[in-house]
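A short write-up of the structure that comes next.
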Amino acid sequence: MTVTGQGTDTTRALEELADSRPSVRLRAALAVGTTPDPRHVDELVERCAVEPEFFVRDMLTWALTRHPLPLTLPRLLRELGSARAQARSQALHTLSKIGDAQAWPAITPALLRDADDEVARSAWRAAVVLVPDGEEPALTTVLVTQLGRGGGETQRSLSRALVALGEVIVPDLLAAESAPDPLVRAHALATRRLLRDPEAGFGFLLDEAKRIVALGGSGHGGG
């Protein structure tokens, strides 16, 4: 497919976004982003909700970032209310890539606690990108309610999001280290240690924190 500024090429690219071959869909998303046309924002957003391949979705996100913000932002914000989890997740991912603070009010506690792990993870990442100065403590308060949630990847995502907020997270983490749930205590301890050593392997830190908790320790004296 030739990438040009002609309307026929863009029309063909939009049609190829539904092709059965991921390589064709990837090339089509690249073409639509290379020659952005405001008329195609809806199609791009709709395709994000159903595209099965991660790398194609990422190219669709890139294509959306190439279009005018006054058109993409309202459409993405509407998508946050979709019943389809992938639609919510990908819209959040795209908003984080756009990075415009106008989206912050839409990052609600409900999205940060979304029952779908992928949506919640996308919301956490978007939140730490978009949070205004001074709102970090309130965001931390919501995020720590998710400690102990899900599997290793979900817990790693939450810890990375919290660590991105900096020292403001420490009081809430120390409180969580006394929670009744040992999974919450271990996750809080591992996150606090990740803050001290961001290059450390999260899996190692979490395993170590679980051992400390199992032995009845809090880790408060260990940094």
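Residue-wise test of (1) in contact (Cβ under 8 Å) with a residue 24 or more places away in the chain; (2) farther than 27 Å from residue 208 by Cβ.
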{"residue": "81", "(1), (2)": "no, yes"}
{"residue": "85", "(1), (2)": "yes, yes"}
{"residue": "101", "(1), (2)": "yes, yes"}
{"residue": "106", "(1), (2)": "yes, yes"}
{"residue": "116", "(1), (2)": "yes, yes"}
{"residue": "128", "(1), (2)": "yes, no"}
{"residue": "147", "(1), (2)": "yes, no"}
Given (1) surrounded by 15 or more Cβ atoms within 10 Å (Cβ to Cβ); (2) assigned to a helix (DSSP H, G or I); (3) of a type in the set (Gly, Ala, Ser), number of the condition residue 166 does not satisfy: (1)
Index of the failed condition, residue 94 passing every other in (1) farther than 27 Å from residue 209 by Cβ; (2) free of Cβ contacts under 8 Å to residues at least 40 places away in the same chain: (2)
Subset of the stretch 169-200 that is out of contact with any Ser or Thr (no Cβ under 7 Å at 6 or more places or on another chain) and acidic (Asp, Glu) - its residue that is surrounded by the fewest Cβ atoms within 10 Å (Cβ to Cβ): 199
Hits in the stretch 139-172 - residues which are under 16 Å from the mean Cα position of the chain (by Cα) and acidic (Asp, Glu): 153
Close pairs (6 angstrom Cβ cut-off, 6 or more residues apart or separate chains): free of Cβ contacts under 8 Å to residues at least 60 places away in the same chain in the stretch 53-71, buried (at least 16 other Cβ atoms within 10 Å of the Cβ) and part of a loop (DSSP other than H, G, I, E, B) anywhere: 57/51; 66/36; 67/36
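Read the figures in this text as sums done on the coordinates, not as results from a lab. No experiment lies behind these values; they were computed from the predicted model shown. Positions of Cβ are generated from backbone atoms using ideal geometry, with glycine treated the same way; all protein chains shown enter the neighbour counts.
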